[in-house]
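See below for the structure under consideration.
Read-outs: derived from the displayed coordinates by stated rules, not from any lab. Because the structure is a prediction, the values reported are computed rather than measured. Counting neighbours? That spans all protein chains shown, and the Cβs are built from the backbone with ideal geometry, glycine included.
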Amino acid sequence: MYSMISYWLKYYRHECGLTQQQVADRLKIERSTYTYYETGKTKPDINTLIKIAKVYNINYTALLEGVEDELEAAVADIVSGAADEDESLKYRTHATTKYEVELLFVVRNLTPKQRKEVMTLAKKLVSESEVNS
């Protein structure tokens, strides 16, 4: 499952201009192991997170940003006991979906002019959607 940790691992690796192989080499682990961290297939332990943070020259807590919200969302889903999972996800506004994280990642890599264009288009699509509803 894609998570905020996965997002931040990929984000900071791109910011540093590193490949997965380069990060894996610095951590002395297999590239596939690091890939699993970025895709959310597995999660690094705290010691590995600290090592990764050193590679990226950041505080390890930056890799944990947003994790608390994910945990709260998971607990809320369990507590709610909603029979229909799709319905419970439909109304969840406090957790970021994988799609939203990917969209944010794309937008952050645009120029300011491109961001304005995307925002204009998004607002237009939303207003059209509201009219057609």
Among 124-131, 43-50, how do they line up by average Cβ neighbours within 10 Å per residue, starting with the highest?
43-50, 124-131
Ratio of Rg to Rh over segment 4-64 (Cα coordinates, Kirkwood Rh, two decimals):
0.89
